[in-house]
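The values are calculated or read from the model by the stated rules, or taken from the named source; none is laboratory data. Quick caveat, the model's predicted, so the values are computed rather than measured. Glycine gets a Cβ as well: all are built from the backbone with ideal geometry, and neighbour counts include every protein chain shown. Calculation scope for accessible area: heavy atoms of the full protein, side chains included, ligands and nucleic acids excluded. Shrake-Rupley method; radii C 1.70, N 1.55, O 1.52, S 1.80 Å.
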Amino acid sequence: MFEVNGKTIAVTGASSGIGQAMASHLAKNGANVIAVARREIALSKWAETTNGNVAYVTADLGDIDTLESVSKKIASHFGKVDILINAAGLNPRIHADEVTKHTWNKTLDINLNAPFFLAQQMMPAMKEAKWGRIINFASLQSERAFENGISYGTAKGGIMQMTRAMAQAWSKNGITVNAIAPGFFPTELTASVFSNEALAQKNADQTCIGRNGNMDDLTGPVQFLCSDASSYITGQTLYVDGGFTAK
């Protein structure tokens, strides 16, 4: 029920952090994985050092007008995509007084607009197969306001509702759409948090479990949502946060 062997999976934001960790895990478990991100050197190194059927596509997902072309490049490697994992993200951490139109639009394009329009490009093949999985990435900020997080939090709040709406639109075609909302994990986006030991410990103390996350805490939930084991789950946001939001 939990197998992903033979599935073709596109993972955005896979040049580092959560996206790369998920791409590596799924390739290890037999999936055909296409990593999608801006940084070609990082993607190339990942592809060279990862065991399994892997490929990569270099793309600026913030350029919404290019996503049709990006989708075609993704499909050129292993054929139609069975599963799309939207893990790419941008968090500028700017106070509301200093947010510009450019920063606002760029943050929403990468975090909210790209996941929808890339999924839309992949819908025809998923509908034809009557099977598909979309996994979006929400955040603690989908429900809570964090300091200097207005544009990021707005995008991630939108991810929760968009996930519900995507499920309503597409799940009758055998396509489930869910989101994962991670707690604090060490990535490039959270480097400023983990470089401050006191702040990192404060966040760990906020959880029920008493620690911050590591990548192994995410691989199981992601594989579950990719597999047939989650076939009756759609429109949901799963918090993988050690109980941060429970306290």
For Lys202, counting only aspartates and glutamates whose alpha-carbon sits under 20 Å away and dropping same-chain residues fewer than eight positions off, the answer is Glu143, Glu147, Glu188, Asp217, Asp241
Starting from the Cα of Lys172, draw a straight line to each of the lysines and keep only those under 22 Å, dropping any in the same chain fewer than 8 residues away.
Lys7, Lys80, Lys127, Lys130
Student exercise, the range 125-191 dipole from Lys, Arg, Asp, Glu Cβ charges, in Debye to nearest 20
380 debye
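Report the semi-axes of the equivalent ellipsoid for the range 78-129 in whole Å, largest first, where each axis is √(5λ) for an eigenvalue λ of the Cα gyration tensor.
32, 10, 6
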Report, in cubic angstrom per residue, the convex hull volume of the C-alpha atoms of the chain.
121 Å³
Gln161 versus Ser16, label points 7 Å from Cα toward the beta carbon: distance in nm?
3.1 nm
Measure nothing but the geometry: give the 0 to 90° angle between the long axis through the Cα atoms of 114-129 and the longest principal axis through the Cα atoms of the chain, rounded to 10°.
30 degrees
Enumerate by residue number the trypsin sites (Lys or Arg not before Pro) in the range 49-139 meeting two conditions: DSSP loop (anything except H, G, I, E, B), and at most 10 other Cβ atoms within 10 Å of the site's Cβ.
Lys130
Going by alpha carbons, how many degrees (0 to 90, nearest 10) lie between the helix axis of 150-170 and the longest principal axis of the chain?
30 degrees
Virtual spin-label span in nm between Phe146 and Glu128, 7 Å along Cα→Cβ
4.0 nm
With every protein chain left in place, what is the accessible area per residue of the range 95-195 in square angstrom, probe 1.4 Å?
46 Å²
Across the range 195-239, how large is the tail of the calculated P(r) beyond 13 Å, expressed as a percent of all Cα pairs?
66 percent
Report the gain in length on full extension from Thr245 to Asp97: 0.36 nm times residue separation, minus Cα-Cα distance, nm rounded to one decimal.
50.6 nm
With axes computed from alpha carbons, what is the tilt in degrees of helix 17-28 against the longest principal axis of the chain, rounded to the nearest 10 within 0 to 90?
30 degrees
